[in-house]
Amino acid sequence: MIDPMADLGGSANASNETDSKEVFDPILLNSNLQRIDKIRSLMGIISGCVAGIFGLTGISGLVCFVILHFFVLVSIAAFKMNFQLKAHTRQSWLSYLTANLQQSALSFMLFWTLFYGVVYLY
């Protein structure tokens, strides 16, 4: 028996509508988002270490974080996704660049102060 909600009746409009629909796998989508989140967390830690070792303070440390954050995310989009963001994450560019920004910033601040204190205060 054919499911009437699947619209497999063979009408002419059905073939045009099904061609325009995208098919995606939610498991692969979740896997892609988890990998990107891991890279973002690691990027926050590494950029905090870099800013602390270089002795950046104040706004210069924040600028270091923002530049490295956007550089890493654009690099992922360029080399791994070929700038086809919708096909891999189904996110807009704004949500892709700002997702988990607070989590990355907190990791950055933790390691920034830790490495600055270790290198310059002790």
Handout entry: Filter result for the condition that a residue is assigned to a helix (DSSP H, G or I) and modelled with pLDDT under 95, over 72, 23
Key = 72
Handout entry: Single condition residue 37 does not satisfy, out of (1) farther than 30 Å from residue 25 by Cα; (2) part of a helix (DSSP H, G or I)
Key = (1)
Exercise for the section: With the condition kept exactly as written, say whether any residue in the range 72-79 is in contact with a helix residue (DSSP H, G or I) (Cβ under 8 Å, 6 or more places away or on another chain), more than 30 Å from residue 118 (Cβ to Cβ) and not aromatic (Phe, Trp, Tyr). Expected result: yes
Exercise for the section: Please work out which residue is most open to solvent (accessible area, probe 1.4 Å), limiting yourself to the range 96-106 and to residues that are within 11 Å of residue 69 (Cβ to Cβ) and among the hydroxyl-bearing types (Ser, Thr, Tyr). Expected result: 98
Exercise for the section: Considering only residues that are of a type in the set (S, T, N, Q), open to solvent by less than 80 Å² (accessible area, probe 1.4 Å) and without any contact (Cβ under 8 Å) to a residue 12 or more places away in the chain, look in the range 45-88 and name the one that is farthest from residue 109 (Cα to Cα). Expected result: 75
Practice task
Could you figure out which of (1) open to solvent by less than 50 Å² (accessible area, probe 1.4 Å); (2) modelled with pLDDT of 90 or more isn't true of residue 34?
Solution key: (1)
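The values are calculated or read from the model by the stated rules, or taken from the named source; none is laboratory data. Source: prediction; values computed, not measured. Reconstructed Cβ throughout: ideal geometry from the backbone, glycine too, with neighbour counts over all protein chains shown. Areas reflect the complete protein model, heavy atoms only, side chains present, ligands, DNA and RNA absent. Shrake-Rupley method; radii C 1.70, N 1.55, O 1.52, S 1.80 Å.
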